[in-house]
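So the structure is just underneath, and the comments pick up after that.
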Amino acid sequence: MTEESQVAEATPPGSKKKKKLLVLVVMLVILLAGGGAAAWFFFAGGNADPAAAKEAPPKPPVYLPLETFTVNLHDGEQYLQVDLTLEATEQAELDTIKLHMPRIRSRLLTLLAHKTADELLRPEGKDQLAKEILAEINKPLDPKGKPQNVADVLFTSFVIQ
């Protein structure tokens, strides 16, 4: 007899099936545990930078209401009276604007005076005006200065007469 046949006779036939089943169950448990760990890593705790996981919530916006602007519109027969509020993420941006308010007001008065009532009466005209005001405010205030970082321009009053 060969050695294999002696081993086969020594072990009961059901024992091989139990060993195979046990090995399959152990491999399945390892595979499921690995899959669960990978899922947890990617979806829950996979952030490699612990400081990034504890990021501070975003800062609330800071607002600066401006004095009322009143200008004759370009068509000459009507005028615009508008109140604006600026939105920024940092108070320092608004402090810089306050410091240079005469320059800001001059820029905005010039911009507003070149508009007609027809273009401002449409919602698209108001949206375009807000974008143009934002561009004027964000221009550098000094020739070699850096641009401002105002996030939005909000109309709080808008009257054409």
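The values are calculated or read from the model by the stated rules, or taken from the named source; none is laboratory data. Note that the coordinates shown come from a computational prediction; the quantities given were computed from them, not determined experimentally. For neighbour counting, all protein chains shown are included, and Cβ atoms are generated from backbone atoms with ideal geometry for every residue, glycine included.
For the stretch 36-46, check the following and say yes or no: at least one residue is more than 24 Å from the chain's Cα centre (by Cα) and not hydrophobic (A, V, I, L, M, F, W, C).
yes
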Residue hits (the stretch 109-125; closer than 19 Å to Asn138 by Cα and touching a helix residue (DSSP H, G or I) at 6+ places or on another chain (Cβ under 6 Å)) are Leu111
Quick check on the stretch 84-113: of everything there that is under 24 Å from the mean Cα position of the chain (by Cα) and without any contact (Cβ under 8 Å) to a residue 24 or more places away in the chain, which residue is farthest from Leu66 (Cα to Cα)? Ala92
Would you call Thr96 at pLDDT 95 or above and not aromatic (Phe, Trp, Tyr)? no
Being among the acidic types (Asp, Glu) and surrounded by fewer than 11 Cβ atoms within 10 Å (Cβ to Cβ) narrows it down to one of Glu93, Glu87, Glu77, so name that one. Glu77
When the stretch 119-161 is checked residue by residue, the ones that are of a type in the set (Asp, Glu) and part of a helix (DSSP H, G or I) are Glu119, Glu124, Asp127, Glu132, Glu136
